[in-house]
1. How far apart, in nm, are two points set 7 Å out from the Cα along the Cα-to-Cβ line at Arg271 and at Met26?
2. Using Cα positions and a limit of under 25 Å, work out the lysines in reach of Lys16, with same-chain residues fewer than 8 apart set aside.
3. Over the chain, what is the relative contact order in whole percent, taking alpha-carbon pairs under 8 Å and six or more residues apart?
4. Find the Rg to Rh ratio for the chain, where Rh is the Kirkwood radius over alpha-carbon pairs and Rg uses the same atoms.
5. Compute the distance in nm between two label points, each set 7 Å from the Cα along the Cα-to-Cβ direction, one at Asp211 and one at Ala50.
6. By a straight-distance test (C-alpha under 24 Å), which lysines pair with Lys235 as possible cross-link partners, with residues fewer than eight away in the same chain excluded?
7. Restricting things to alpha carbons, tell me how big the range 177-325 is in terms of Rg and Dmax, in Å.
8. Counting helices only, and only those DSSP H runs with n ≥ 4, report the 222 nm mean residue ellipticity of the chain as the sum of -39,500 (n - 2.57) divided by its residues, in deg cm²/dmol to the nearest 500.
Amino acid sequence: MTRARIIGTGQYLPPKILTNHDLAQMVDTTDEWIQQRTGIRQRHVAEEGAGSSDLGAEAARAAIASAGIDAADIDCLICCTMTSDYLFPSAACLIQHKVGAKRAAAFDVNAACSGFIYALSIADAYIRAGMHKTVLIVGADLMTNRLSWDRRDTAILFGDGAGAVLLRADDGDRGLLMTHTAADGGFHELLYLPAGGSKQVIRCDNVDGLDLGIVMSGRDLFKKAVNAFGAAAQKALDDTGFTIDDIALFVPHQANTRIIYSVAERLSIPREKVFVNIDRVANTVAATIPIALDDAVKEGRLNAGDLVLLVAFGAGLTWGSAMVRW
Ligand SMILES: CC(C)(COP(=O)(O)OP(=O)(O)OC[C@H]1O[C@@H](n2cnc3c(N)ncnc32)[C@H](O)[C@@H]1OP(=O)(O)O)[C@@H](O)C(=O)NCCC(=O)NCCS
């Protein structure tokens, strides 16, 4: 049976770091409040003028190098992002050009913080159907330049970054065992950016009247996230027949340590099996899981044959899970 196996990982975090203490100079908040409520200590910030595709291309190059393949071997490049450089064309097309993936089809997927799981499910279907052999997924989001620093609920949560994985068709036992994607658009107003799309176009003559900030109902979102994370993780276990004891590593979307540990407790996942890097990286939207996977590889926490459970939740609302035999 053909499976999509992860053959390389990579990441890029811009060098500039904004600590909670730095943030407290700009926003009415404290390091203690942020750490207690979210687990975040710092976030990376892209340089002025950079776009998500610049971060994504760096992560893509690292994943291609770690897989030891030629960029021209890539059949398809999917960028999961909700902060593409332009409304069009896609960030994927820009990354395709930057890394020299000349033969690759390229498109973006926007499922907010669940984007990486959605992209995995697409790549998995392509590979199992025999349409593509080698697929590069890049999660890239640049949030700090669109945060309103007077909105302390959202200003503290996000960072910039990109992560990438290379998947290749493989006839062995390793690779993606299942993916699950779900959505409920009825709750889209719990987290959204009203202006800048087709409904509230930004023009010179209307910009003063627009609300350009991110709107978030933190508490409601928190409850939805815990439930959706739990349901998505359970679905992955039910579909594959594995139990928590079989799982070597649980890699959740990094939104908030309180969400992550509530879910882990609910599912009886011991803390040593939960991957957390939100303290250093914050919420990088669609990039959190591929960055976490690359960190886990570099820290020696993933060995061939390990079962890895990935779970995400985000604006939309969207959520999903994947089970991988590493
Ligand atoms: C945003 C979040 C950290 C806020 O934590 P919370 O415990 O729910 O806090 P609340 O919103 O109830 O606010 C509690 C108080 O803290 C204040 N507060 C909010 N942000 C603050 C900040 N950055 N610093 C200090 N105080 C803050 C509020 O104004 C409120 O004050 P009040 O009681 O005087 O009105 C939390 O709701 C959360 O993480 N939600 C999920 C967000 C998320 O993950 N989004 C991405 C999804 S992928």
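1. Simple spin-label model gives 3.1 nm for this pair.
2. Lys98, Lys298
3. Details: 797 pairs, mean separation 83.2, N = 326.
Result for the chain is 26 percent.
4. Looking at the chain, the ratio lands at 0.95.
5. That separation, rounded to one decimal, is 3.1 nm.
6. Here the lysines satisfying the reach criterion relative to Lys235 are Lys223, Lys224, Lys273.
7. Over the range 177-325's Cα set, Rg and Dmax evaluate to 17.4, 59 Å.
8. Calculated mean residue ellipticity at 222 nm is -9500 deg cm²/dmol.
No value in this document is a laboratory result; all are computed from the given coordinates. Predicted, not measured: the structure shown is a model, and the values here were computed from it. Using ideal geometry, Cβ is built from the backbone for each residue, glycine included, and neighbour counts are taken over all protein chains shown.
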